[in-house]
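Trainee: Sending over a structure as structure tokens; questions will come in a sec.
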Amino acid sequence: RYIRPRDRVLDLACGLGYGCETMYRGSNAISVKGLDNSAFAISYAQSVYGEQERISFKREDASSLSSSPIGHYDLIASFETIEHLENPELFLKNCLNTLTPGGRFVCSVPNLWVDDDGNDPNPHHLHVFDFERIKDLVEKYFIVEQIFSQKAGGGLISSHKETSIVEVELNGEYEQADAEWWIVIGMKDPLPES
């Protein structure tokens, strides 16, 4: 619902490409491009979803955005990415530069995925996020429009809960322990710098 007609969409760390296909089929985006640094993932995405008129895939380090033109994309989606990156702030700065004014950045992160010792059991996660940490980080670069709490139901943390996505009051009460993931929607300032 955040993809406007004729938007150019970029899916960073697109994995096997099913998110690109979902955005392609479920919107009127003029184009959807998926980037991932895994040769296997890009090869799979290209073979399953193919190179179509409005959808494409490319192997590239999603954190550097080295081939993405400045101010080109209208929406960037990046799910389960930031916690894997050495420098999340550089990643967000690159996303900001790649978006058009008023463009949107949509991301998700696991919420406090830690074991009894306070360590993230996933060896590929370099950062642990909670509501305040992801909100504060994204707010450094974007106008945070909405944050959602997500539960998978039957998942890691909330195995006894039903699947849900609930909007959280940005400056109000929220139930930190209930969320398995945070989904953040931010917008690049639509007004040019003065």
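The values are calculated or read from the model by the stated rules, or taken from the named source; none is laboratory data. In this text the structure is predicted, and so the values were computed from the model without any measurement. FYI the Cβ positions are ideal-geometry reconstructions off the backbone, even for glycines, and counts take in every protein chain you see. The area values use the complete protein model at the heavy-atom level, side chains included, leaving out ligands, DNA and RNA. Shrake-Rupley method; radii C 1.70, N 1.55, O 1.52, S 1.80 Å.
Trainee: Considering only segment 92-127, state which residues are open to solvent by 50 Å² or more (accessible area, probe 1.4 Å) and aliphatic (A, V, I, L, M).
Mentor: Leu112, Val114, Leu126, listed by residue number.
Trainee: Ok, one more. With the structure loaded, tell me whether Val109 is within 15 Å of the chain's Cα centre (by Cα) and either modelled with pLDDT of 95 or more or not polar (S, T, N, Q) (or both) or whether it fails that test.
Mentor: Yes, satisfied.
Trainee: Would you mind stating whether Thr100 is within 26 Å of Met23 (Cα to Cα) and modelled with pLDDT under 80?
Mentor: No.
Trainee: I'd like the residue in segment 25-46 that is of a type in the set (S, T, N, Q) and either within 19 Å of the chain's Cα centre (by Cα) or part of a strand (DSSP E or B) (or both) and, out of all such residues, is surrounded by the most Cβ atoms within 10 Å (Cβ to Cβ).
Mentor: Among residues in segment 25-46 that are of a type in the set (S, T, N, Q) and either within 19 Å of the chain's Cα centre (by Cα) or part of a strand (DSSP E or B) (or both), the one surrounded by the most Cβ atoms within 10 Å (Cβ to Cβ) is Ser27.
Trainee: Then there is this: On the basis of being among the β-branched types (Val, Ile, Thr) and within 24 Å of Trp181 (Cβ to Cβ), does Thr22 make the cut?
Mentor: yes
Trainee: Condition first: in contact (Cβ under 8 Å) with a residue 24 or more places away in the chain, open to solvent by 20 Å² or more (accessible area, probe 1.4 Å) and more than 27 Å from Leu191 (Cβ to Cβ). Now tell me which residues in segment 128-150 satisfy that.
Mentor: Scanning segment 128-150 gives Val128, Asp130, Gln150.
Trainee: Shifting gears a bit: Quick check: anything in segment 70-81 open to solvent by 40 Å² or more (accessible area, probe 1.4 Å) and of a type in the set (S, T, N, Q)?
Mentor: no
Trainee: So in segment 1-24, with the set limited to residues that are assigned to a helix (DSSP H, G or I) and over 15 Å from Ala41 (Cβ atoms), which one is most open to solvent (accessible area, probe 1.4 Å)?
Mentor: Of segment 1-24, the ones assigned to a helix (DSSP H, G or I) are 18-24.
Now restrict to residues that are over 15 Å from Ala41 (Cβ atoms): 22-24.
On the way: Thr22: 93, Met23: 31, Tyr24: 33 Å².
So the residue we want is Thr22.
Trainee: A further question follows. Taking segment 47-79 only, how many residues are touching a residue at least 24 places away in the same chain (Cβ under 8 Å) and not in a loop (DSSP other than H, G, I, E, B)?
Mentor: Final tally of qualifying residues: 14.
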